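Below: one structure, written as C-alpha cells.
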Amino acid sequence: MKEIETTIDLEAFEANFRDAQGYYQRALQFQEEEQRSSLIFNVAAVALERYLIALCDLYGKEARNHNYISLVNVVQTLVAIPSDLVKKIKKLDWIFGICSIDDYRHPDPDVFDMENVLYLCDEVQKLFDASRISALRSEGQLSDKQLAS
C-alpha cells in the first residue's frame, strides 16, 4: 500500500465518489426502466468520469484535464488497472470527439456503447482500495458517514 499523503483533498474525494455512485445508480435505474440507450450512456459516462476523478483525489493527484485519456493516465500511475480496461476507457473520448477540436463529433451512443460504459463503471468501482480508505478513516481523516451513498 502506498503511504498516505497529507495533501489529499478528502472533501473532493467524498463528493466525487458519492456523485459517481449516484450517477451510476441512476443509469442502472434508467436501464431497468428501459430508457433510451443514449440517455443511459450519458449518465453512466458522467459516473465513470467522477469515479476516475475520485480515484485521483484518493491519492492526492490531479489530472491535467478531465477527458478520459488524461484521467486514466493518472489513475494507472496510482493503482493496478488492466491494460484492456485502460484502452476501453480511452476509447470513450472518441465517442465524444474530445481528442480533436478540428474534427469534433458527438455520435449517438448505441446499446453497445451503453453496455460498455456500464461495464466500465462496474470495473472502475473495483479499483478503490478499501484498506486505503480504512486507513484514512482510522486516522480520522475520513468518516463512514462521509462515504455513505
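The values are calculated or read from the model by the stated rules, or taken from the named source; none is laboratory data. None of the values given here were measured: they were computed from a predicted structure. FYI the Cβ positions are ideal-geometry reconstructions off the backbone, even for glycines, and counts take in every protein chain you see.
Here are a few things to note about the model shown:
- Taken over region 22-52, residues that are closer than 25 Å to residue 133 by Cβ, touching a residue at least 40 places away in the same chain (Cβ under 8 Å) and either hydrophobic (A, V, I, L, M, F, W, C) or assigned to a loop (DSSP other than H, G, I, E, B) (or both) amount to 7.
- Every condition in (1) within 24 Å of residue 132 (Cα to Cα); (2) at pLDDT below 95; (3) in a helix (DSSP H, G or I) is met by residue 6 except one, and the failing one is (3).
Every residue, every condition in (1) at pLDDT 95 or above; (2) surrounded by 18 or more Cβ atoms within 10 Å (Cβ to Cβ), yes or no:
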site: 43; (1), (2): yes, yes
site: 48; (1), (2): yes, yes
site: 51; (1), (2): yes, yes
site: 59; (1), (2): no, yes
site: 62; (1), (2): no, no
site: 82; (1), (2): yes, no
site: 85; (1), (2): yes, yes
site: 89; (1), (2): yes, yes
